[in-house]
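Have a look at the structure below before the remarks.
The values are calculated or read from the model by the stated rules, or taken from the named source; none is laboratory data. What you are looking at is a predicted structure, and each value in this text was computed from that prediction instead of being measured. Note that each Cβ is placed from the backbone with ideal geometry, even for glycine, and that neighbours are counted across all protein chains shown.
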Amino acid sequence: MAAFARVLSGTVAEILATGGGPAPQCVPALGQWIDISNLSPQPAVGWSYDGTRFAAPAPDLSDAQATAMAAAQAHFDGLIAAGFTYQGKLYQIDSASQAKITAMGALAQSIIVETPGAPAWPAGFGWIAADNSLVPMTAPEMFAFAATVAGFVAAATLNLRTIKTAIAAAGSIADVEAIDVAAGYPVPSA
């Protein structure tokens, strides 16, 4: 497979892959076609060409910020996906699990404060750990577990916001690269 780059004013304007054969014809005012079949890496639209070699465009601040934002979000997502260790047991704390933990924590609280009409705490209740074992919990224990998980998730979320704010406020690529997207997170255990 042959590949050609159309260069106009020193910049790759188009890439064309063909089944082989000579370079396509091009009106001089629309640039020239250059065979890039054997180049690695392959140039892309927007790359520069100085008559002898192709060069990728230098990343700009917005590219660096977008890359750092994605890395920060990926770190946070990985932290949540890894779970939370509570009293020696690992628990899932993904979004669906958080909703269930919060709901049972609220039920536990209503029982603890003896809210009129609150149901009784389920006999034999336990929370399922990441290893699929059932960990028995009373209403006060469930409330403490839910509050601890909520505190961790809130602190991690606020830390992510702080990191993203710093990335958005960075004035240079060097400033962006100096931001540690994994710094400042609470320990995922209690």
Inset, instruction - Taking the options Gly117, Gly83, name whichever one is out of contact with any Cys (no Cβ under 9 Å at 6 or more places or on another chain), within 30 Å of Glu141 (Cβ to Cβ), touching a residue at least 60 places away in the same chain (Cβ under 8 Å) and of a type outside the set (A, V, I, L, M, F, W, C). - result: Gly83
Legend entry - Residues within segment 26-39 that are in a helix (DSSP H, G or I) and either in contact with a Cys (Cβ under 9 Å, 6 or more places away or on another chain) or in contact (Cβ under 8 Å) with a residue 24 or more places away in the chain (or both), tallied: 1
Inset, instruction - Check segment 167-186 and report whether any residue there is surrounded by 12 or more Cβ atoms within 10 Å (Cβ to Cβ), within 14 Å of Tyr86 (Cβ to Cβ) and without any contact (Cβ under 8 Å) to a residue 40 or more places away in the chain. - result: yes
Inset, instruction - Give the residues of segment 137-172 that are among the hydroxyl-bearing types (Ser, Thr, Tyr) and part of a helix (DSSP H, G or I), sorted by residue number. - result: Thr148, Thr157, Thr162, Thr165
Legend entry - Output for segment 104-139, where each listed residue is acidic (Asp, Glu) and modelled with pLDDT of 95 or more: Asp131
Legend entry - Selection from segment 98-108 of residues that are buried (at least 17 other Cβ atoms within 10 Å of the Cβ) and over 17 Å from Pro136 (Cα atoms): Gln98
Inset, instruction - Within segment 86-111, work out how many residues are of a type in the set (Val, Ile, Thr), assigned to a helix (DSSP H, G or I) and within 28 Å of the chain's Cα centre (by Cα). - result: 2
Legend entry - Selection within segment 52-62 - surrounded by 13 or more Cβ atoms within 10 Å (Cβ to Cβ) and either at pLDDT 95 or above or in a helix (DSSP H, G or I) (or both): Leu61
Legend entry - Hits in segment 40-49 (condition: in a loop (DSSP other than H, G, I, E, B) and surrounded by 14 or more Cβ atoms within 10 Å (Cβ to Cβ)): Gln42, Pro43, Trp47
Inset, instruction - Tell me, please, whether a residue that is surrounded by fewer than 13 Cβ atoms within 10 Å (Cβ to Cβ), at pLDDT 95 or above, more than 30 Å from Ile15 (Cβ to Cβ) and of a type outside the set (Gly, Ala, Ser) can be found in segment 63-86. - result: yes
Legend entry - Odd one out for Ala23, checked against (1) of a type in the set (Gly, Ala, Ser); (2) at pLDDT 90 or above; (3) not in a helix (DSSP H, G or I): (2)
